[in-house]
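The values are calculated or read from the model by the stated rules, or taken from the named source; none is laboratory data. All of these numbers come straight from a predicted model, not from anything done at the bench. Every residue, glycine as well, gets a Cβ built from its backbone with ideal geometry; the counts of neighbours run over all protein chains shown. For the accessible areas, the whole protein counts, side chains as well, though only heavy atoms, and no ligand, DNA or RNA atoms are used. Shrake-Rupley method; radii C 1.70, N 1.55, O 1.52, S 1.80 Å.
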Protein chains: 2
Amino acid sequence: MKLQEAKQQFIQSWGVLGNQWGINRTMAQVHALLLISEAPLSTDDVMEQLNISRGNANLNIRELMDWGLVEKMIVPGDRKEYFVADKDIWQVATRIMAQRKKRELDPMLKVLNQLQEVEGDKKDPAIKSFTETIGNIRKFAGHAEKTIDTIIKAEENWFLNSFIKFFK
Amino acid sequence: MKLQEAKQQFIQSWGVLGNQWGINRTMAQVHALLLISEAPLSTDDVMEQLNISRGNANLNIRELMDWGLVEKMIVPGDRKEYFVADKDIWQVATRIMAQRKKRELDPMLKVLNQLQEVEGDKKDPAIKSFTETIGNIRKFAGHAEKTIDTIIKAEENWFLNSFIKFFK
DNA sequence: CTAATTTTTCAATAAATTTTGAAATTTCAG
DNA sequence: CTGAAATTTCAAAATTTATTGAAAAATTAG
């Protein structure tokens with residue numbers, strides 16, 4: 001497989017994967033493109049390489065910046081803005097986990113907490129059954145949240161460790 | 001909040017969450033409905049409670065069975081099929097993780113492995129840079145896969161433990 | 001400041017996904 | 001077997017989501 005072909009393949013696959021996980025396909029593709037670009041890219045570069053419109057490129061680049069996965073770069077003597085993706089894959093994973101936790105898990109936990117306080121006789125089997133199920137889910141979600149934090153902390157050095165091993 | 005209202009709220013929120021994670025909203029809602037139903041439900045029950053068509057209900061129930069989250073139940077003396085969701089939230093999470101790993105992570109890993117074998121001079125900076133980035137992602141994905149398995153094993157008793165504590 | 005260049009916005013359009021519902025198929029009690 | 005009841009299929013329709021592109025706004029070199 002030639003390099004250009006391989007790059008296209010990667011962009012394609014990263015897009016499919018992102019899409020399956022509820023992330024806009026184009027956003028994932030822009031991310032992939034920046035991940036495998038050695039030099040920073042301008043909006044025009046992204047438009048050209050992915051065959052997308054200016055509006056679309058702009059939208060997704062800004063979205064990636066919101067996620068903390070891409071940064072703006074100013075090239076002195078150039079009017080255009082350039083963009084680079086964080087190449088540290090551990091940082092990438094951590095940022096994505098943190099964002100999704102904040103945007104999706106936390107709101108769900110909030111709802112689950114509210115649902116615990118359902119009105120009525122606590123001994124009514126229907127109510128008991130409902131609060132028990134919700135309680136279990138809530139407890140699990142809370143646990144999962146802590147586990148994620150633990151993983152993030154515990155594995156923080158994984159990347160570093162793989163370098164240490166390399167030099168041993 | 002009344003029980004009925006709380007149930008609706010849960011179904012709604014579970015649907016939104018599923019949708020954000022790339023799971024069909026209705027599938028998540030059917031799952032939610034079955035999770036908080038004490039008794040097994042028929043296709044007609046699901047249709048009625050969620051206001052969806054027969055075809056849609058049938059499709060999503062079968063999809064949930066494919067995921068191993070819902071089981072068919074035969075009620076003797078009744079021609080209809082009934083369905084129940086696995087209420088063990090740990091089982092639910094494990095099944096979802098396992099399915100997604102198999103359906104999405106594994107294919108991505110396969111692609112990444114192929115991309116490592118790009119043609120050309122290994123000393124060419126462009127090729128070196130690409131294979132390095134891909135290599136890091138591949139290594140990370142492999143690590144993540146193992147971590148997931150480890151968590152599943154290590155946390156297997158979390159649910160059991162929360163019962164043990166309860167009886168202490 | 002001015003004007004050229006770049007970025008952002010957003011209504012219209014296109015694409016992708018989901019849903020419907022009726023017909024075809026399957027199942028099973030009698 | 002038979003036929004009523006239930007399940008499955010699938011093309012068409014509806015809905016949701018993503019994309020375009022041109023106009024408006026913002027930026028900056030001179």
Open item on the list: Residues to consider are A:49, A:12, A:20; find the one that is outside the structural domain of residue A:135 (by TED's automatic domain parsing) and within 11 Å of DNA strand C (Cβ to nearest atom).
Closed with: A:20
Task: Residues located in segment B:29-47, provided they are open to solvent by 50 Å² or more (accessible area, probe 1.4 Å) and within 14 Å of the chain's Cα centre (by Cα) - done: none
Open item on the list: Of the residues A:79, A:100, A:62, A:25, only one is outside the structural domain of residue A:138 (by TED's automatic domain parsing) and at pLDDT below 95; which?
Closed with: A:79
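Could you say which residue among B:69, B:59, B:50 is surrounded by 14 or more Cβ atoms within 10 Å (Cβ to Cβ) and either in contact with a His (Cβ under 7 Å, 6 or more places away or on another chain) or polar (S, T, N, Q) (or both)?
Criteria check complete, one pass: B:69.
Looking only at segment B:5-28, count every residue that is more than 14 Å from chain A (Cβ to nearest Cβ) and either more than 12 Å from DNA strand D (Cβ to nearest atom) or surrounded by 22 or more Cβ atoms within 10 Å (Cβ to Cβ) (or both) and tell me the total. Explain how you work it out, then say what you get.
Step one: list which residues in segment B:5-28 are more than 14 Å from chain A (Cβ to nearest Cβ), which gives B:26.
From the residues that got through so far, the ones that are either more than 12 Å from DNA strand D (Cβ to nearest atom) or surrounded by 22 or more Cβ atoms within 10 Å (Cβ to Cβ) (or both) too are none.
Selection size over segment B:5-28: 0.
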Open item on the list: Give me the residue from segment B:83-126 that is within 10 Å of chain A (Cβ to nearest Cβ) and among the β-branched types (Val, Ile, Thr) and, out of that set, nearest to the chain's Cα centre (by Cα).
Closed with: B:92
- [ ] Restricting attention to segment A:112-130, report how many residues are β-branched (Val, Ile, Thr) and surrounded by fewer than 18 Cβ atoms within 10 Å (Cβ to Cβ).
- [x] 1
Open item on the list: Looking at segment B:29-38 only, could you name the residues that are within 12 Å of another protein chain (Cβ to nearest Cβ) and either part of a helix (DSSP H, G or I) or in contact (Cβ under 8 Å) with a residue 12 or more places away in the chain (or both)?
Closed with: B:31, B:32, B:33, B:34, B:35, B:36, B:37
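Is it the case, given these coordinates, that residue B:65 is within 11 Å of DNA strand D (Cβ to nearest atom), more than 14 Å from every other protein chain (Cβ to nearest Cβ) and within 14 Å of the chain's Cα centre (by Cα)?
yes
Could you list, in sequence order, the residues of segment B:39-50 that are of a type in the set (A, V, I, L, M, F, W, C) and assigned to a strand (DSSP E or B)?
If the condition is that a residue be of a type in the set (A, V, I, L, M, F, W, C) and assigned to a strand (DSSP E or B), then B:41 is the only one that fits.
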Task: Residues satisfying the stated conditions in segment A:72-95, i.e. surrounded by 17 or more Cβ atoms within 10 Å (Cβ to Cβ) and either in a strand (DSSP E or B) or within 16 Å of DNA strand D (Cβ to nearest atom) (or both) - done: A:83, A:85
- [ ] Select from segment A:48-62 the residues that are under 17 Å from the mean Cα position of the chain (by Cα) and in contact (Cβ under 8 Å) with a residue 12 or more places away in the chain and list them in ascending order.
- [x] A:60, A:61
Task: Among (1) assigned to a helix (DSSP H, G or I); (2) free of Cβ contacts under 8 Å to residues at least 24 places away in the same chain - the single one residue B:23 does not satisfy - done: (1)
Task: Failed criterion for residue B:70 (all others in (1) out of contact with any helix residue (DSSP H, G or I) (no Cβ under 6 Å at 6 or more places or on another chain); (2) more than 14 Å from DNA strand C (Cβ to nearest atom) hold) - done: (1)
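Yes or no: residue B:104 under 30 Å from residue A:36 (Cβ atoms), acidic (Asp, Glu), open to solvent by less than 80 Å² (accessible area, probe 1.4 Å) and part of a helix (DSSP H, G or I)?
Yes, satisfied.
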